[in-house]
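Derivation of every value follows stated rules applied to the coordinates shown; laboratory data play no part. The model shown is predicted, which means the values in this text are computed figures rather than measured ones. Ideal geometry is used to build each Cβ from the backbone, glycine not excepted, and the neighbour counts take in all protein chains shown.
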Amino acid sequence: MNSKFSKQLKNIAFIFFLNCGTLTLYSCDSFEEEKNMASSEKKLDTSLVRVSVGQDAYMIPMNFMTPYGDYPKEFSSKDDLMQVRLYLPEFTGYAANDSPIGKYNPDEVDVMWNAYGVGIDATSMLDRSLKFELVSRNADADKLDLTAYKDLVDDDATTYMSEAAHGSKVMIQCYTGGVNDICKINYFHKQKQFGIFFSFNAKYLKDWKMIDERINSMIDSWKSKSS
């Protein structure tokens with residue numbers, strides 16, 4: 001066989017291997033179509049999973065934790081911390097073909113909460129940030145019912161303090177100017193006696209109280225009465 005032709009053939013085979021992951025008798029497009037078809041046929045698992053978080057237990061629909069239905073029906077959370085994902089504006093979980101990785105969805109909200117007795121008070125977090133000169137008061141940036149503090153480390157970040165409907169002091173940190181504009185809320189719930197954290201797209205900042213109330217209602221509805 002002509003050596004030049006042989007070398008070209010080897011190069012084509014190598015490129016094909018890189019694109020498809022294996023040498024097959026059908027095209028890359030056929031491979032992707034079969035893979036996508038198998039994914040679309042996968043049914044969403046919305047069955048309840050019993051999750052222990054410290055001394056409490058929660059009955060949480062599987063699709064708020066994973067779209068793949070691959071969690072056990074009962075388990076204990078790691079590090080006294082539970083995490084779920086939901087999507088605005090309907091506060092739904094994963095849909096059938098969603099993925100926890102990949103392109104960012106500006107409607108996604110990641111929620112975490114601690115076990116009973118675990119968490120950090122927002123006022124303590126602010127006091128610490130002021131003490132170590134991480135933030136400084138910036139009245140010009142106050143808006144809605146939010147008291148603003150300039151971030152002295154990141155020019156694209158602003159810290160806000162406010163109070164939730166349940167009376168807990170809340171710290172909100174918003175980061176803009178990057179690929180995605182994100183706000184993160186962190187506080188210790190006075191009544192529930194554990195920390196709650198959630199992040200969302202900055203376009204929803206004006207709705208943070210409503211989002212917080214709905215998240216708390218969902219956590220309450222998931223809590224097992226037998227725990």
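Summary of computed values
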{"quantity": "Estimated vicinal HN-Hα couplings, Hz - the range 73-90 in sequence order (Karplus 6.51, -1.76, 1.60; Gly, Pro = x)", "calculated": "6, 7, 7, 9, 5, 8, 6, 6, 9, 10, 10, 9, 10, 9, 10, 7, x, 8"}
{"quantity": "Gained length - Thr92 relative to Lys43, 0.36 nm times residue gap less alpha-carbon distance", "calculated": "16.0 nm"}
{"quantity": "Neighbour-count ranking [beta-carbon atoms within 10 angstrom, fewest first] of Ile120, Ile60", "calculated": "Ile120, Ile60"}
{"quantity": "Cα-based equivalent ellipsoid, the range 48-222: semi-axes from gyration tensor eigenvalues, Å", "calculated": "29, 19, 14"}
{"quantity": "Proxy reagent accessibility, fewest Cβ within 10 Å first, across Ser199, Ser136", "calculated": "Ser136, Ser199"}
{"quantity": "Gain in span if fully extended, Phe75 to Asp145, counting 0.36 nm per residue against the direct Cα distance", "calculated": "21.2 nm"}
{"quantity": "Centroid-to-centroid separation of the range 146-163 and the range 51-75 [C-alpha atoms, Å]", "calculated": "34"}
{"quantity": "Over 16 Å [Cα-Cα, the range 148-227], rounded percent", "calculated": "54"}
{"quantity": "Sequence of Phe198, Phe132 once ranked by neighbouring C-beta atoms within 10 Å, starting from the fewest", "calculated": "Phe132, Phe198"}
{"quantity": "Contour minus Cα-Cα distance for Tyr116 and Asp207 (0.36 nm per residue)", "calculated": "30.1 nm"}
{"quantity": "Protection proxy ranking of 72-78, 121-127 - average other beta-carbon atoms within 10 Å, highest first", "calculated": "121-127, 72-78"}
{"quantity": "Whole-number D in µm²/s for the range 129-180 (Stokes-Einstein; Kirkwood sum over Cα pairs; 20 °C, 1.002 mPa s)", "calculated": "184"}
